[in-house]
Amino acid sequence: DRGSHEKEAIFDCIDKYDIPVSEKGSFEKHDITSVDPCFWACSFKTIGFLNSEGQYDPEVTHSRYKKEDLAFLGDVKLNKFEEIVVKCDEAMEKITGTDSKAECDRGLQLAKCYIEDMRTLILDDDSKK
């Protein structure tokens, strides 16, 4: 089961970067920068968004988000989702280094895109506007 393997690998990243127990819920917190960017890189490597060399893999990333799985968002949010993906791809292209700092920068950028921006999109209640 891919999901349980990924969870286990992410917990390995939590241990590796010594993320305090209180921060294990950082996936729900609004401030992703409170966590070591290299933790994000480690985590995104486990699910394939970053390859083994720490480079962004848009093909794997995009394959994780299928339109039919996101139909619950509705057309307006689905369009915004696609905009986030395009902006994220563009942001990832700007991080060109091959060293560990660039890898960690990619991890933080992915967290911004796929955790922070997506959380905002999904939790944003258009009916309140």
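Readers should treat all values here as calculations from the given coordinates under stated rules, not as data from a laboratory. In this text, all values refer to a predicted model and were calculated from it rather than measured experimentally. In this analysis, Cβ positions are derived from the backbone assuming ideal geometry, glycine residues included, and neighbour counts consider all displayed protein chains.
For the chain, with only Lys/Arg (+1) and Asp/Glu (-1) charged at the beta-carbon, what is the dipole magnitude about the Cα centre, in debye rounded to 20?
Around 240 debye, computed over the chain.
What range in the chain is the longest one free of GluC sites (Glu not before Pro) that are in a loop by DSSP and have at most 12 other Cβ atoms within 10 angstrom?
Free of exposed loop sites, the longest segment is 54-129.
Pairs Lys66/Lys94; Lys7/Lys112; Lys16/Lys66; Lys45/Lys66: which exceed 22 Å Cα-Cα?
Distance filter (> 22 Å) returns Lys66/Lys94; Lys16/Lys66.
When Lys7, Lys94 are ordered from fewest to most other Cβ atoms inside 10 Å of their Cβ, what list results?
Fewest-to-most ranking of Lys7, Lys94: Lys94, Lys7.
Over all distinct Cα pairs, what is the inverse of the mean 1/r for the chain, reported as the Kirkwood hydrodynamic radius in Å?
15.4
Per DSSP H run of at least 4 residues, take -39500 (n - 2.57); add these up for the chain, divide by its residues and hand me the 222 nm value, nearest 500 deg cm²/dmol.
So the helix-based figure for the chain works out to -16500 deg cm²/dmol.
Find which of Leu121, Gly54, Thr96 sits farthest along the positive direction of the dipole of the chain, computed with +1 on the beta-carbon of Lys and Arg, -1 on that of Asp and Glu, about the Cα centre.
Leu121
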